[in-house]
Amino acid sequence: MPDLTAIWPLFDLTLTTPRLVLRPIADPDIPDAVAAAAGGIHEAGRNPFSTPWTEISADELGHNMARWYWRCRAECTPESWTLLLGIWHEGTFVGCQDVGAKDFARLKTVSTGSWLTQSVQGRGLGKEMRAAVALYAFDWLGAEVAESEAASWNESSLGVSRSLGYEQNGITRKAWGDKVQTVQHVRLTPGTFKRPDWTLEVQGHERAAKFLDIS
């Protein structure tokens, strides 16, 4: 009988930085992900997410997170995919870094988003995990552009973007939950990327790339 990675090769992908391990969230990881999110991600009334998923009841939080992980897997095709990478620091699940694309074969463009539990914020881990997916996108997947966005008041996210070489790419107004936010878009290319002084270790890329039809 084949193992799970033979059926779903993305589970075999692992990115390793000096302090972090990033890999796709599997079902056994969901309770740890829920616990990390329930521990707090942001201050009350200052939601940095376009969908206010952290503001629901504790009972519903786990249900919705599981649905989201399953939905992203179910809808994953070479034409439209999102890798939800769990973040482990010193063996503990501390957050999620996603990287995704639509029509990647032609556009060579990825988008990213992330969250970290509050207990490990302020240590530079957010920059390290974003650098990891930028390195993977440019050096392994062959991406030409990486895009992200943040509310204009979210200096933490925008500061990470600036530190890695992202450039401003326009402002829009969007409905985030029941609020209207001014959203700053940012854009990174291999030429503007301020690369870290460490090397990303990657395991399982060949099978993941084949699954996503990336050559």
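The values are calculated or read from the model by the stated rules, or taken from the named source; none is laboratory data. Since the model is a prediction, treat every value here as computed from it, not as a measurement. Cβ atoms come from the backbone with ideal geometry, glycine included; neighbour counts cover every protein chain shown. What goes into the accessible areas is simple: the full protein's heavy atoms, side chains included, and nothing from ligands, DNA or RNA. Shrake-Rupley method; radii C 1.70, N 1.55, O 1.52, S 1.80 Å.
Of these, Gly86, Gly91, which one is farther than 20 Å from Ala150 by Cβ, at pLDDT 95 or above and touching a Lys or Arg at 6+ places or on another chain (Cβ under 8 Å)?
On the way: Gly91 fails: touching a Lys or Arg at 6+ places or on another chain (Cβ under 8 Å).
The match here is Gly86.
Within segment 98-138, the residues that satisfy the criterion of being among the basic types (Lys, Arg), open to solvent by 20 Å² or more (accessible area, probe 1.4 Å) and either under 18 Å from Leu15 (Cβ atoms) or not in a helix (DSSP H, G or I) (or both) are Lys102, Lys108, Arg123, Lys127. Residue count for segment 140-158 satisfying the condition of being within 17 Å of the chain's Cα centre (by Cα) and in a helix (DSSP H, G or I): 5.
If you take the residues in segment 76-93 that are closer than 13 Å to Trp115 by Cβ and among the aliphatic types (A, V, I, L, M), which one is most open to solvent (accessible area, probe 1.4 Å)?
Initial filter on segment 76-93 (closer than 13 Å to Trp115 by Cβ): 84-87, 93.
Next cut, among the aliphatic types (A, V, I, L, M) only: 84-85, 87.
Details: Leu84: 19, Leu85: 2, Ile87: 0 Å².
The qualifying residue most open to solvent (accessible area, probe 1.4 Å) is Leu84.
Considering the conditions (1) without any contact (Cβ under 8 Å) to a residue 12 or more places away in the chain; (2) touching a strand residue (DSSP E or B) at 6+ places or on another chain (Cβ under 9 Å); (3) farther than 27 Å from Glu206 by Cβ, Ser119 is excluded by exactly one of them, (1).
Of the listed requirements (1) within 13 Å of the chain's Cα centre (by Cα); (2) open to solvent by less than 20 Å² (accessible area, probe 1.4 Å); (3) among the polar types (S, T, N, Q), Ser161 misses just one: (1).
Return yes when Ser152 is under 27 Å from Met65 (Cα atoms), surrounded by fewer than 22 Cβ atoms within 10 Å (Cβ to Cβ) and either among the aliphatic types (A, V, I, L, M) or in contact (Cβ under 8 Å) with a residue 24 or more places away in the chain (or both) and no when it is not. Break it down into steps so the answer makes sense when it comes.
On the way: under 27 Å from Met65 (Cα atoms): yes; surrounded by fewer than 22 Cβ atoms within 10 Å (Cβ to Cβ): yes; either among the aliphatic types (A, V, I, L, M) or in contact (Cβ under 8 Å) with a residue 24 or more places away in the chain (or both): yes.
Criteria met by Ser152.
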